[in-house]
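Q: Quick one: the structure is below, and I'll ask about it shortly.
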Amino acid sequence: VGELQAALGDAERQRELQEAEGRALRQELKDVRDGQRILEKKGSAALKDLKRQLQLERRRADRLQERLQELLAPSRARTGQLGAGGP
């Protein structure tokens, strides 16, 4: 009977250790999933910000291109007028 009680006590301790290990592993899994979710949100926010910046830079480049064309257009017209009005 004593041996059976000792074996039972050992089995109960093993079960308690396994349950504790199971709880720890479930918590670790939850923490990893939460961390992944946070990283995904940060990555999504960073991507959204980069897309916004790219759009702003494209608009800026378009405006600069238009301005450059405006600045070059009169000189082209003058060059064309000089050639047409010359001897």
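The values are calculated or read from the model by the stated rules, or taken from the named source; none is laboratory data. Computed from a predicted structure; not experimentally measured. As a convention, Cβ positions derive from the backbone with ideal geometry for all residues, glycine included, and neighbour counts pool all protein chains shown. Note: accessible area is taken over every heavy atom of the protein model, side chains too, but ligands, DNA and RNA are not part of it. Shrake-Rupley method; radii C 1.70, N 1.55, O 1.52, S 1.80 Å.
Q: Pop out the carbon and sulfur fraction of the accessible area of the chain as a percent, whole number, probe 1.4 Å. Intermediate results must be reported in sequence, preceding the final value.
A: Working: 4620 of 8240 Å².
It is 56 percent, rounded to a whole number.
Q: Using +1 at the Cβ of each Lys and Arg and -1 at the Cβ of each Asp and Glu in the chain, identify which of Leu71, Leu56, Ala20 lies farthest towards the dipole's positive end.
A: Result: Leu71.
Q: Taking a quarter of the surface of the convex hull around the Cα atoms of the stretch 1-74, what do you get in nm²? Each step should come with its number before you reach the end.
A: Numbers: hull surface 21.1 nm².
Average of the hull's projected areas for the stretch 1-74 equals 5.3 nm².
Q: What angle, in degrees between 0 and 90 and rounded to the nearest 10, separates the Cα long axis of helix 2-85 from the longest principal axis of the Cα atoms of the chain?
A: That works out to roughly 0 degrees.
Q: Further, regarding this structure: Using only helices, what value at 222 nm comes out for the chain when you add -39,500 (n - 2.57) per DSSP H run of length 4 or more and divide by the total residues, to the nearest 500 deg cm²/dmol?
A: That calculation yields -37000 deg cm²/dmol at 222 nm.
Q: In addition: Placing unit charges on C-beta atoms (Lys and Arg positive, Asp and Glu negative, everything else neutral), compute the dipole magnitude of the chain about its Cα centre in debye, rounded to 20. If you can, show how the numbers build up before the last one.
A: Values: 19 positive and 15 negative charges, 261 e Å.
With Lys and Arg at +1 and Asp and Glu at -1, about 1260 debye.
Q: Heavy-atom accessible area per residue, the chain, 1.4 Å probe: how many Å²? Show your work: numbers first, answer last.
A: On the way: 8240 Å² over 87 residues.
Per residue, the chain has 95 Å² of solvent-accessible surface.
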